[in-house]
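The values are calculated or read from the model by the stated rules, or taken from the named source; none is laboratory data. Note that the coordinates shown come from a computational prediction; the quantities given were computed from them, not determined experimentally. We place every Cβ from the backbone using ideal geometry, glycine too, and count neighbours over all the protein chains shown. Heads up: the accessible areas ignore ligands, DNA and RNA and are worked out on the full protein's heavy atoms, side chains in. Shrake-Rupley method; radii C 1.70, N 1.55, O 1.52, S 1.80 Å.
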Amino acid sequence: MKLRLPQAGRLEEYPVYRILADIAANKLTGVLTVSGDDDTVDVYINQGNCVRASSHYARENTHLGKLLILRGFCSDSQIDQLLEQQKTKLILLGKMVADEGLVSETELSRVLEDQILLVIFPCLTWTRGVYY
């Protein structure tokens, strides 16, 4: 399969959903950065699969702790306590929550997938902007 994906370009000519489809089809690895009017999103990809996404303009609804609370896995106080511990332990919050037995590995994976989708979904509708 011949790769049609240019290294950089304008979303008007090559929409995000097509870029992601080509990345998946070609099992590419790297970081896709998409900039629109209101945000810039970095999508981290490993062999065609999205493994992480982050917004340059942090949104409250995409924080892992907030998502775990909203889904009923943790209380505010549990997350606050783990975040305080995290400052000295330097361990990812997801690992800490799983180690504490608050979520299973499967539940954590689903919440992390939701977190990625919350970051990526808005840029799927952008009709103006750039990518690289």
For the chain: lysine pairs with Cα atoms under 24 Å, gap of 8 or more or different chains, count?
5
Apportionment of accessible area to carbon and sulfur, region 1-103, percent (1.4 Å):
50 percent
Can you find, among Ile120, Asn26, Tyr132, the residue sitting farthest towards the positive end of the charge dipole of the chain, where Lys and Arg contribute +1 and Asp and Glu -1 at Cβ?
Asn26
To the nearest 20 debye, what is the magnitude of the charge dipole of the chain about its Cα centre, counting +1 on the Cβ of each Lys and Arg and -1 on the Cβ of each Asp and Glu?
520 debye
When N counts the residues of the chain, how does its alpha-carbon radius of gyration compare numerically with 2.2 N^0.38 Å, as a ratio?
1.20
Considering the options Gly36, Ser77, Leu67, tell which one lies farthest towards the positive end of the dipole of the chain, charges being +1 on Lys and Arg and -1 on Asp and Glu at the Cβ, about the Cα centre.
Gly36
